[in-house]
Amino acid sequence: RNMGFAGKLLANLLAIFVLAVVGGLGSAWYMVEAGSRLSTRTFGPWTVWTSAGRPDADPYTRARIARNGLLPVASTLELTFYAKTDSDGGQLQSGCEYAVTIEGLDGVWWNLAVFDRKGALISNAAERYAFSSDTAMREPGGQTVVVVARETRPGNWLPSGGGKITLALTVQDAALAAAVHDGGAVKPLPEIRKLGCR
């Protein structure tokens, strides 16, 4: 009986230990991958890691930067916003076409790029990886529309490759960075509208 009790106790302790390790690793992975209200802010489909590029960055932000090999500029000057969904909440898929409408960022430098879910640029024959405020064509109304699709499109077209994708919008604007850090109101970020899927 004593051996049976000891065996059950040992089995229970082992199960608790395994659950604790798996739970700890799982929560750490989630915090590095998705962040939390302590390390990120969300604006529609866009999420920004608020302490990226700061010397006092939290451990999860530092782990994310190290894992992805990022070299962020000081977050008081530049922020990168990431989107994995469109403005209606649907997952961004390479089999669908999206129009990203950029307006309200006049007078600041911005850059829009498409990545796969592993953080790699989308390989394509056109060697087209990003558009910026310096290279993108503007519409007559002043806004910029970038189309993300597999097949070639006229104008500002970014190839989407295969599988799920992530959009990255980098903005150099001290006023925007201050508003993000202070928890204040932020000018509207680009709408991501699904045009259709194949």
What's the total number of residues in the range 128-171 that are over 20 Å from the mean Cα position of the chain (by Cα), at pLDDT 95 or above and open to solvent by less than 70 Å² (accessible area, probe 1.4 Å)?
3
Is it true that G104 is closer than 27 Å to K187 by Cβ, open to solvent by 40 Å² or more (accessible area, probe 1.4 Å) and touching a residue at least 40 places away in the same chain (Cβ under 8 Å)?
yes
Residue by residue through the range 113-122, note down the ones that are closer than 13 Å to A149 by Cα and in a loop (DSSP other than H, G, I, E, B).
I122
Could you go through the range 86-101 and let me know if any residue there is among the charged types (D, E, K, R), loosely packed, with under 13 Cβ neighbours inside 10 Å, at pLDDT 60 or above and closer than 28 Å to A175 by Cβ.
no
Just one of A175, A136 is part of a loop (DSSP other than H, G, I, E, B) and free of Cβ contacts under 8 Å to residues at least 40 places away in the same chain; which is it?
A136
Those residues of the range 123-133 that are more than 22 Å from P188 (Cα to Cα) and assigned to a strand (DSSP E or B) come to a total of 0
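The values are calculated or read from the model by the stated rules, or taken from the named source; none is laboratory data. Computed from a prediction, not measured in an experiment: that's the story for all the values here. Quick reminder, even Gly has a Cβ in these numbers, built from the backbone with ideal geometry, and neighbours come from all protein chains shown. Each accessible area value is taken on the protein alone, full model and side chains, heavy atoms only, with ligands, DNA and RNA left out. Shrake-Rupley method; radii C 1.70, N 1.55, O 1.52, S 1.80 Å.
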